[in-house]
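Every read-out reported here was derived from the displayed coordinates using simple, explicitly stated rules and does not represent laboratory data. Just so it is clear, the structure is predicted and the values come from calculations on it, not from any experiment. Methodologically, a virtual Cβ is constructed for each residue, glycine included, from the backbone with ideal geometry; neighbour enumeration extends over all protein chains shown.
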Amino acid sequence: MRVNAPDVTSPATAANPGTAANPGTAANPGTAANPGTAPIRGTGTHRRVHRGRIMHIAGSPTVSEADSALVDIPDGALVITAEGLIDFCGPFDELSALPGDVVVDHGDAFLLPGFVDAHVHFPQTYELNAYGGGQLLEWLNNCIFPAESRLADPVFARTIARDFTRARIAAGTTAAMVFGSAFPLAQDELFEATRRAGLRIVSGRGIQTQGPDSAAPLMTSESDAIALTTAEIDRWHAADTGNPDTARLLTAIVPRFTLSVTTQTLAALGELYAQVRDRGVYVHTHLNENNRPGTGEVDLVKQLFDVECYLDTYDGKFLPGSAVGGESLLGRRTVLAHCVHCTDAELARMAETGTSIAHCPTSQLFLGSGTMPWNRTVDAGVTIALGSDCGGGDEWLISKVAGDAYKVHISEPGEASVAMHPAQMLFSGTLAGARALDAESRFGNFDVGKEADFLVIDPQQWPPLERMLRNGVRDDDPQRARDQTLFALLMGMREPAIAEVYVGGDKVDADAV
Ligand code: GUN
Ligand code: ZN
């Protein structure tokens, strides 16, 4: 990376982007490590021009339109205002430089929007690849509930919050819907670490009011479930700016899944959500993940709650016969993980209410959950974002999750087999994630006016990727060659290639965590 600060009397031009090296300002624009306080935002006085190969999904397309919205600018300029907003995204030689522009030349590196992980479990940071001897319910019982119980220890909670946040930075996950710990102290550590890093987060403590013995330490009384969730919302929702429209720290109501809560809890959470919905609070949980006949999650929900479909339990219809028992938890700020085994009626209801899916193919492979049917789910019109589901998933990197999506959907049987376009993969890991978080107007791509969340991906730092990009066969057709390059980039990228991570124009500093 070269940093050039052009002389104010000699504005930068494409041909002469300035000379004086000024790494102290451009390379570290106001992200001083200052644990316990928010990173200073937009403290620079000049625009910053990041030069590199830009790829993003412009505008506001559907996933089916992503290929025509794919933008590739081989020598691009991503210009960011002092406030951290995107001012220009285009060819470097079309840039109208202003006096004082600071040019950061990333050479052959790629500039991509920050990844959005729509479903990741903070308390499972150390449980990737935990052997549970079975599918979802055995794995939860044998591995996950005992592991999550350890976050009751404040020292452990602080360490795991830092490690989780560093894992996010290493993977370029600038925004995430984070399934939280049952323990408020651990959630405090998570929000504090996230604030120090300057990342975006939506999270809430995992709510459990019933379950097996192994889950006992994670369970609370009915009244504590509501009191603790309400307290978390009051303490952390938009705690950084005081305004949910500008905040990076936001909260969610997070019942673990239907099997972890009672009808009384579902009724009380519906009441609570009705009160806080207008404050921009989210809902996050799991739906239709495991359908092992008779003893799997889906059948147990239907048997125990006597409902027509699993979704009804989150839609206020959780009483026997799917009778209405309370308010719905569905809506534009509700993200449901997995949705592997949905009926058409469930998908239609999600689309109708603006509820989104966090699609987690890496985890579905690991837990033997099956595959969310891609075409059928897309056709239903539901927003599909990607989730790592760590630790059910064993990859933090959303581009790897996109790669697993490609692999599982091309392996769907018969007519259902589909080869995702690389633009759909990029879309699912960036703009669709922002849409699922109801934050598409703020980030997710490089449209002018958005907050500048981006990654500098330097293939030189991961030689297997660099070699593929340099030597791989490319079509004579430039558009096909572009698609081949993006595909190789997404499939071949690993954490070491993620050289720099920016949120709202500020460089994220792992040492500040
Ligand atoms: N369903 C309920 N809890 C969990 C969890 O922790 N991980 C996954 N993958 N599914 C769940
Ligand atoms: Zn999960």
Worksheet item: Taking amide hydrogens as modeled 1.01 Å from N in the peptide plane, which residues meet the under 5 Å criterion relative to residue 179, leaving out close sequence neighbours?
Response: 120, 121, 122
Response to the item:
Gyration tensor on Cα atoms of the chain, a ≥ b ≥ c root eigenvalues, a/c under 1.5 rounded, else prolate if a/b beats b/c, else oblate, says prolate
Worksheet entry | Residue-by-residue Karplus 3J(HN,Hα) for the range 204-212, coefficients 6.51, -1.76, 1.60, Hz, glycine and proline x | x, 5, x, 9, 9, 10, 8, x, x
Worksheet entry | Which of 473, 462, 499, positive extreme of dipole for the range 457-513 (C-beta unit charges) | 473
Worksheet item: Roughly how many debye, to the nearest 20, is the charge dipole of the chain about its Cα centre, given +1 on each Lys and Arg Cβ, -1 on each Asp and Glu Cβ, and no other charges?
Response: 760 debye
Discussion item. Can you order the peptides 196-208, 113-125, 149-161, 501-513 by their average number of other Cβ atoms within 10 Å per residue, highest first?
Written reply: 113-125, 196-208, 501-513, 149-161
Worksheet entry | For the range 41-88, alpha-carbon Rg over 2.2 N^0.38 Å | 1.38
Discussion item. Can you give me the long-range amide H partners of residue 280? Hydrogens built in the peptide plane at 1.01 Å from N, cutoff under 5 Å, separation of 5 or more residues or another chain.
Written reply: none
Item to complete: Give a residue-ordered list of calculated ³J(HN,Hα) values for the range 469-474 (Karplus: 6.51 cos²θ - 1.76 cosθ + 1.60, θ = phi - 60°; whole Hz; x for Gly, Pro).
Response: 5, 7, 10, x, 5, 10
Worksheet item: Using alpha carbons only, what's the Rg to Rh ratio of the range 93-218 with Rh from Kirkwood?
Response: 1.14
Practice prompt. Work out from phi, with θ = phi - 60° and the Karplus expression 6.51 cos²θ - 1.76 cosθ + 1.60, the ³J(HN,Hα) of each residue of the range 503-513, listed in order in whole Hz, and give x for Gly and Pro.
Written response: 10, x, x, 8, 6, 7, 10, 4, 5, 7, 6
Worksheet entry | Point-to-point label distance, residue 262-residue 477, nm (Cα→Cβ direction, 7 Å offset) | 6.1 nm
Fill in: Distant-in-sequence amide H partners of residue 386 (H built 1.01 Å from N, under 5 Å)
118, 359, 433
Practice prompt. Report the antiparallel proportion of the DSSP beta bridges in the chain as a percent, rounded to a multiple of 5.
Written response: 45 percent
Worksheet item: Given the Cα-Cα distance of residue 324 and residue 271 and 0.36 nm per residue of separation, how much length would full extension add, in nm?
Response: 17.8 nm
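As an exercise, use a Förster radius of 22 Å and the Cβ-Cβ distance of residue 441 and residue 494 to find the FRET efficiency, rounded to the nearest 0.05.
0.10
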Worksheet item: Simple spin-label model, 7 Å along Cα-to-Cβ: residue 156 to residue 375 in nm?
Response: 4.7 nm
